[in-house]
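All remarks here apply to the structure that follows.
The values are calculated or read from the model by the stated rules, or taken from the named source; none is laboratory data. Predicted model only: the values in this text are computed from it and were never measured. Cβ atoms come from the backbone with ideal geometry, glycine included; neighbour counts cover every protein chain shown. We work out accessible area using only protein heavy atoms, side chains counted, and drop any ligands, DNA or RNA first. Shrake-Rupley method; radii C 1.70, N 1.55, O 1.52, S 1.80 Å.
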Amino acid sequence: MRSAVFSLMLVVFSLTTGEFVIAGILPEVAGGLAVSVASAGTLVTAYAIGMIIGGPVVTVLTAKVARKPLVVGLVSISILANLGSALAPNYVVLLAMRAAAGSVVATFFAVAIATAVSSAQPGAEATAVARVALGMNLGIVLGTPLGAAIGQSLGWRATFIAVALCAAAALPLVLRFMPKQPGSAASSVGSELRVFTDRDVLGAIALTAVGNVGVVMVFTYITPLLTEVGGFTAGAVPILLLVYGLGAVLGNQVGGKLADRALLPSVTGLLAALAGVLILFWLAGGNRIAGAALTFVLGALAFAIIPGMQARVVATAAAAPTLAVAVNASAFQLAAAGAGRIGGWVIGDGAGLRSLYPVGAAMTGCGVAVAGYLLWRDRRVESHGEPAGQPEFENR
């Protein structure tokens, strides 16, 4: 099981690096294709749109495909799309290749999460999710800066080649260790989609979307927040982002273990702590010592909530867990897009950058409310007897 999870984690590492590395090579891409930096930035949007649309569509279309060949196919498409990005002769082709690369991410992540959960020992499902998600943490902490360094020294095309090679390196491990599992037993697309008539599933997806908006909004503007509000120099930002990433790695693992012990109670408590940290950031102002410490804690809490949220989706969507997790990933991308827009409105209204902290805390508070409501519903159901369709695993 550990070997299978490691192979999936390595693929997640390559996919995450491919998603975020473009931010580190935007000037090189813009210069190489003779477009503006703003136009080059649209490549990030193309990748996100690929995830949002491709997630549910690809997952439904491949629902009956056995899991191992499906994963091999998804990884192969990612490799080809990244190689196509490296060879793109113009901006339009590169835009299409980034959308193609993004289109398989949500489905792969969903299959990886579902595989990890189904292979885990009882009571260790969220920890298994955290191990897969560790690839995402490492992609942000290590993959993105390494990819940017490659692009700046060898050219931006070399960055996409490196991402493709990383994914290719994981393929033999996937073929060797990925367990043989059948596709969905659902008889039709309608049967797959019927999972979304379950309010427990919808509640789990809403928890992900609502619970992450506040912290994603703050992270979107983290550089100006650290420099203009926190008083740090521009040169200190990469170090602080590394601090954030190290917190994320630790938080991801701790969050998985906490969720295995008490899923919704831990997510509720972690979200409340996250809201509190955002308030502390607001109060700390330009205190750099406090800002550095809070940056680490912010990264830890932002990623500690993820394993429990993902495990909750899988637990409530027993009939179609892969589709539910894929839609959950798409919902997260929509939430991220909305977070950036909301942050822009807050700043544009003249409230100032610093006001993003209390606004983010209030949004996270809404996530606490959603988690608290779901916890209340679960306990109310328990007190009246658990009906069919309730989560197959969860320590409340």
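Descriptive notes on the structure:
- Per residue, the accessible area of the stretch 308-382 comes to 37 Å², computed with a 1.4 Å probe over protein heavy atoms only.
- When peptides 94-105, 231-242 are sorted by average Cβ neighbour count within 10 Å, with the highest value leading, the order is 94-105, 231-242.
- Think of it as helices only: each DSSP H run of n ≥ 4 in the chain is worth -39500 (n - 2.57), and spread over all residues that comes to -26500 deg cm²/dmol at 222 nm.
- Radius 15 Å from Cβ of Gly343, net charge of other residues (Lys, Arg +1; Asp, Glu -1): 0
- Largest to smallest accessible area among Arg67, Arg157, Arg380 [probe 1.4 Å]: Arg380, Arg157, Arg67
- The chain: most fluctuating residue of Pro145, Pro69, Pro56 per GNM, C-alpha cutoff 10 Å: Pro69
- For the stretch 265-320 and the stretch 189-248, distance of Cα centres in Å: 9
- Take every pair of alpha-carbon atoms less than 8 Å apart whose residues are at least six positions apart; their mean separation over the length of the chain yields a relative contact order of 25 percent.
- Positive minus negative residues near Thr159 (Lys, Arg vs Asp, Glu; Cβ under 14 Å): 0
- Whole-number accessible area per residue in Å² for the stretch 94-190, which is evaluated in the context of all protein chains at 1.4 Å: 38
- Of Ala300, Ala209, Ala362, the one that fluctuates the most in a GNM where the chain has Cα springs shorter than 10 Å: Ala362
- Inter-label distance, nm, simple model (7 Å from Cα along the C-beta direction), Ala149/Leu202: 4.9
- Relative contact order computed over the stretch 47-149 (Cα-Cα under 8 Å; 6+ residues apart), in percent: 34
- With θ taken as phi - 60° and the Karplus curve 6.51 cos²θ - 1.76 cosθ + 1.60 applied, the whole-hertz 3J(HN,Hα) list for the stretch 154-160 is 10, x, 5, 5, 5, 4, 5 Hz, x standing for glycine and proline.
- Its convex hull of Cα atoms gives the stretch 301-363 a direction-averaged projected area, equal to a quarter of the hull surface, of 4.9 nm².
- Hz values of 3J(HN,Hα) by residue in the stretch 226-242 - Karplus curve (6.51, -1.76, 1.60), Gly and Pro given as x: 6, 8, 7, 9, x, x, 7, 7, 4, x, 7, 4, x, 5, 5, 5, 5
- Taking the protein heavy atoms of the chain in the context of the full set of protein chains, the accessible area attributed to carbon and sulfur is 70 percent at 1.4 Å.
- Residues considered: Ala63, Ala351, Ala369. Largest GNM mean-square fluctuation over the chain, using C-alpha springs under 10 Å, is found at Ala351.
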